[in-house]
1. If I take every Cα pair under 8 Å that is 6 or more residues apart in the chain, average their sequence separation and divide by the length, what percent do I get for the relative contact order?
2. With contacts defined as alpha carbon pairs under 8 Å and 6 or more residues apart, what's the relative contact order of region 68-144 in percent?
3. Among I107, V140, L34, pick out the residue whose Cα is farthest towards the positive end of the charge dipole of the chain, where Lys and Arg carry +1 and Asp and Glu carry -1 on C-beta, about the Cα centre.
4. Compute log10 of I(q)/I(0) for region 69-128 with the Debye formula, placing one identical point scatterer on every Cα and leaving out solvent, at q = 0.14 Å⁻¹, to two decimals.
5. For region 171-216 and region 38-75, what is the separation of their C-alpha centers, rounded to whole Å?
6. Out of all Cα-Cα pairs in region 149-209, roughly what percent, to the nearest whole number, are more than 16 Å apart?
7. So what does log10 I(q)/I(0) come out to for region 16-60 at q = 0.15, 0.16, 0.22 Å⁻¹, using the Debye formula with one equal point on every Cα and no solvent?
8. Please compute P(r) over all alpha-carbon pairs of the chain, binned at 5 Å starting from zero, and give each bin as a whole-number percent.
Amino acid sequence: MFLVFLGAPGAGKGTQAAVIADKLGVAHIASGDLFRQALEKGTELGKLAKSYMDKGTLVPDEVTIQLISERLNGPDCKGGAVFDGFPRTIDQAKALDKMMAKRAGAIDKAVYIEVPEKALLKRLTGRWICRKCQAPYHEVNSPPKVKGVCDKCGGELYQRADDTEATIKERLKVYFAQTTPLLDYYKAMGKLVSVDGNQDIKKVSEMILRGLGRGR
């Protein structure tokens with residue numbers, strides 16, 4: 001089974017993609033991990049990706065697609081894979097379809113984890129980090145014992161610039177603008193499975209498996 005996972009920042013897409021890949025016994029292909037691994041190994045593609053990252057520009061589709069294509073050749077992908085963070089655009093989705101067709105396969109389903117914007121903001125803006133030891137906290141899910149103070153080292157907790165409400169709203173706006181056409185693309189093919197992601201992790205996983213015809 002080959003699946004695409006879609007979800008806004010804070011929707012829990014990465015968590016669910018890993019859980020479902022494990023449950024189905026297939027590879028979990030996270031585009032962010034592929035970039036990091038390529039950079040660590042110092043591959044030609046990794047160096048090329050780094051040259052764009054260093055300039056602060058987006059890595060071109062052809063580089064991302066080549067990384068995904070190489071990963072798909074791995075022996076652990078023969079029985080299926082969960083794509084996490086790819087595709088992000090219609091062009092990438094079409095490129096993925098071509099990749100799959102070359103392997104005499106196709107994307108079976110696109111899973112969309114739907115979470116209201118208000119809930120996403122609450123999840124994302126509540127994150128705080130310790131200046132000293134970098135321990136993460138969340139003011140709702142995992143608050144420190146003393147407000148503003150790290151439990152582990154007593155360091156000051158701060159909020160990253162990209163975790164402020166204004167920045168997150170902009171990130172979400174960009175995400176939804178990019179993703180709406182993708183949802184329409186998979187819906188038109190009868191492959192879209194939408195799941196309410198505004199629940200606990202286990203419940204969301206169960207709903208996804210049911211939507212894939214693998215749950216009770």
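1. In percent, rounded to a whole number, it is 26.
2. Values: 27 pairs, mean separation 9.4, N = 77.
Relative contact order of region 68-144: 12 percent.
3. V140
4. Treating every Cα as an identical point scatterer, log10 I(q)/I(0) equals -0.56.
5. Computed from Cα coordinates, the inter-centre distance equals 27 Å.
6. Distances greater than 16 Å cover 70 percent of the Cα pairs.
7. -0.48, -0.52, -0.72
8. Computed distribution, short to long bins: 1, 6, 13, 16, 17, 17, 14, 9, 4, 2, 0, 0.
FYI, it's all coordinate maths here, none of it is from the lab. A quick note: this is a predicted structure, and the numbers were derived from the prediction, not measured. Cβ sites come from the backbone with ideal geometry, for glycine too, and all protein chains shown count toward neighbours.
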